[in-house]
Amino acid sequence: MDTVSQVIQGGYCIGCGVCPFVDSSLSIHMDSDGKYQAFRNSTDNSDSKSDLADLVCPFANAIDNEDVLGKSLYGNEKNIKHDTSLGYYLNTYVGYAKVNDFRAKGSSGGLVNWFASKLLETGEIDAVIHVKDSSEPGIMYSYQISHTSNELEAGAKSKYYPIELSHVLEYVANNNGRYAVIGVPCFIKSLRLLEQQDPVIRDRIRFHIGLVCGHLKSTFFGLSEAWESGIDPDCVERVDFRHKLPGRLTSDYAIKAEGTVDGKHVETIKRVHELSTTDWGLGYFKYNACEYCDDVLAETADVTCGDAWLPGYGDDGGGMNVVVVRNTVIAEMMQRFADELFLEEIPAETVALSQHSGLRHRREGLSYRLYLKDKKHEWRPTKRVEPSNKLSYSRKKVYKYRLRLMQDSFAAYHKARELNDVSYFVSHMAPLVKSYRRADRPLMRRILRKVKNVIKKVLGKL
Ligand SMILES: Cc1cc2nc3c(=O)[nH]c(=O)nc-3n(C[C@H](O)[C@H](O)[C@H](O)COP(=O)(O)OP(=O)(O)OC[C@H]3O[C@@H](n4cnc5c(N)ncnc54)[C@H](O)[C@@H]3O)c2cc1C
Ligand code: SF4
Ligand code: SF4
């Protein structure tokens with residue numbers, strides 16, 4: 001069997017949409033769990049198959065991993081450094097955009113759209129490939145092309161929602177121009193792999209802006225958030241996944257859901273802490289592929305931005321980015337327009353620290369998940385991380401619970417829809433969440449926390 005078919009059958013497809021672009025025997029569709037997945041066409045005939053799909057798929061190509069691609073892209077840059085969590089890098093910062101409304105309209109510090117807009121303004125590119133509101137019925141967001149800063153601005157903020165690249169790649173192939181693309185790490189990797197095979201795409205996509213990535217969500221994530229906020233999934237129009245709450249900590253953000261209730265248009269704003277489905281640590285509605293990914297910081301992107309989840313950097317609620325710069329054109333642009341930015345240089349280790357949980361899950365956790373696959377003699381993608389069983393009993397339990405939380409969330413959501421009752425989802429997941437939390441907080445830590453609380457109470461009474 002070809003490797004892409006093994007990726008698809010094994011549930012490792014992230015739905016990037018790059019393989020259908022190179023192989024007409026493949027297509028991409030939304031599955032019943034609200035995830036884009038590649039499929040072999042039923043009218044498949046072996047003549048239309050090619051080896052190209054195996055080469056461009058980020059989970060099939062075992063040779064050109066992020067280290068290999070990163071080295072060939074940036075390894076020869078002057079002053080380049082390497083870090084096992086960040087990949088190659090020139091400079092690392094925390095910061096935000098001071099000008100226009102980039103920060104106010106962005107998810108974090110607005111730097112992703114600032115970079116894209118500056119590339120347009122300085123004439124480095126003609127258009128940006130990024131994710132915006134979709135006009136297709138039943139689809140909230142999709143990849144589209146923006147040619148101006150105003151068009152770009154309309155697509156600010158993170159979309160924790162399935163997206164795929166096949167139709168924008170057709171556009172790029174048919175429309176001469178210079179493009180920048182924004183994407184999560186595996187999507188940037190697919191494009192880098194495609195660019196090795198396709199000189200037209202390579203020539204046209206000039207810049208790659210990466211988003212730090214915890215994992216990708218199915219449509220059920222946004223729909224369940226809106227449902228918990230009072231809007232029936234069939235009546236949801238859109239969810240803003242990163243609604244900022246001025247004056248609160250950056251981590252204390254909200255979601256804004258729009259839709260109809262009793263025939264009337266409504267907008268509801270809920271702090272993420274008020275909803276059960278928004279806890280990223282639980283990994284509800286996660287693509288299975290994300291459990292077999294080892295690139296957190298988009299190591300093949302020219303610049304990567306994420307949230308600065310660091311003490312002391314999120315106090316005004318305005319949003320703050322971590323930034324990893326790999327391309328000298330980007331580094332020079334940051335110097336040239338330094339007055340438009342708030343930037344503080346920080347060590348690479350501090351950037352990695354801001355993504356500590358994600359990195360641990362995709363290093364230590366991945367090694368264990370690979371071990372479990374190998375134990376069952378099942379095919380799985382080749383990763384930079386080696387399989388290992390040498391974890392503590394409690395960490396193994398944590399990773400097993402996380403797999404179950406992901407799998408059960410889909411089944412519980414389907415059942416809740418059947419019963420037309422969101423509370424079924426919440427109550428069905430609750431015992432599993434409780435067991436997971438116990439495993440994730442070992443006994444000694446729980447005892448210490450209780451002792452601390454008692455001491456605080458006693459001191460408060462004195
Ligand atoms: C699925 C996902 C998971 C993430 N996980 C983490 C994480 O674990 N840790 C972390 O620190 N940061 C994570 N991020 C990144 C974070 O949410 C912000 O996107 C990032 O900090 C940039 O913020 P900004 O204010 O600079 O972006 P903005 O200035 O708001 O610009 C965002 C740009 O990205 C584009 N975009 C939005 N969603 C997508 C998408 N799904 N695919 C491609 N382009 C998109 C928008 O169209 C817009 O142009 C994740 C992002 C996504 C999409
Ligand atoms: S991950 Fe992308 S390239 Fe690989 S099978 Fe899925 S859609 Fe195709
Ligand atoms: S976790 Fe990895 S596989 Fe999943 S969307 Fe992010 S980069 Fe892609």
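The values are calculated or read from the model by the stated rules, or taken from the named source; none is laboratory data. Bear in mind that the values here come from a model prediction, so they are computed numbers and not experimental data. Here the Cβ is made from the backbone with ideal geometry for all residues, glycine too, and neighbour counts use every protein chain on show. These area figures cover heavy atoms from the full protein model, side chains too; ligands, DNA and RNA do not enter into them. Shrake-Rupley method; radii C 1.70, N 1.55, O 1.52, S 1.80 Å.
Structure data summary
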quantity	calculated
Qualifying residue in segment 62-70 (condition: open to solvent by 60 Å² or more (accessible area, probe 1.4 Å), in contact with a helix residue (DSSP H, G or I) (Cβ under 6 Å, 6 or more places away or on another chain) and either part of a strand (DSSP E or B) or away from ligand 1 (no atom under 16 Å from the Cβ) (or both))	no
Checklist (1) part of a loop (DSSP other than H, G, I, E, B); (2) within 10 Å of ligand 1 (Cβ to nearest atom); (3) at pLDDT 95 or above applied to Ser108, failing item	(3)
Qualifying residue in segment 296-312 (condition: farther than 30 Å from Tyr12 by Cβ and free of Cβ contacts under 8 Å to residues at least 60 places away in the same chain)	yes
Members of segment 231-244 that are under 20 Å from Glu418 (Cβ atoms) and of a type outside the set (A, V, I, L, M)	Asp232, Pro233, Asp234, Cys235
Residue in segment 118-152 that is nearest to Val329 (Cα to Cα), counting only those that are more than 9 Å from ligand 1 (Cβ to nearest atom) and small (Gly, Ala, Ser)	Gly123
Leading residue by the ranking (farthest from ligand 3 (Cβ to nearest atom)) among those in segment 4-24 that are among the hydroxyl-bearing types (Ser, Thr, Tyr) and surrounded by fewer than 20 Cβ atoms within 10 Å (Cβ to Cβ)	Ser24
All positions within segment 344-360 that are surrounded by fewer than 19 Cβ atoms within 10 Å (Cβ to Cβ) and not in a helix (DSSP H, G or I)	Glu344, Glu345, Pro347
Residue that is nearest to the chain's Cα centre (by Cα), among those in segment 229-250 that are part of a loop (DSSP other than H, G, I, E, B) and surrounded by fewer than 14 Cβ atoms within 10 Å (Cβ to Cβ)	Leu249
Condition check for Pro387: free of Cβ contacts under 8 Å to residues at least 24 places away in the same chain and surrounded by 15 or more Cβ atoms within 10 Å (Cβ to Cβ)	yes
Filtered residue count, segment 251-273, keeping only those that are open to solvent by 90 Å² or more (accessible area, probe 1.4 Å) and closer than 18 Å to Asp307 by Cβ	1
Enumeration of residues in segment 16-32 that are more than 16 Å from ligand 1 (Cβ to nearest atom) and farther than 21 Å from Asp54 by Cβ	Asp31, Ser32
Leading residue by the ranking (farthest from ligand 1 (Cβ to nearest atom)) among those in segment 275-294 that are crowded, with 24+ Cβ neighbours inside 10 Å and part of a loop (DSSP other than H, G, I, E, B)	Thr277
Of the criteria (1) over 26 Å from the mean Cα position of the chain (by Cα); (2) surrounded by 14 or more Cβ atoms within 10 Å (Cβ to Cβ), which one Met406 fails	(1)
Residue count for segment 124-150, restricted to those that are closer than 13 Å to Trp114 by Cα, open to solvent by 20 Å² or more (accessible area, probe 1.4 Å) and not in a loop (DSSP other than H, G, I, E, B)	2
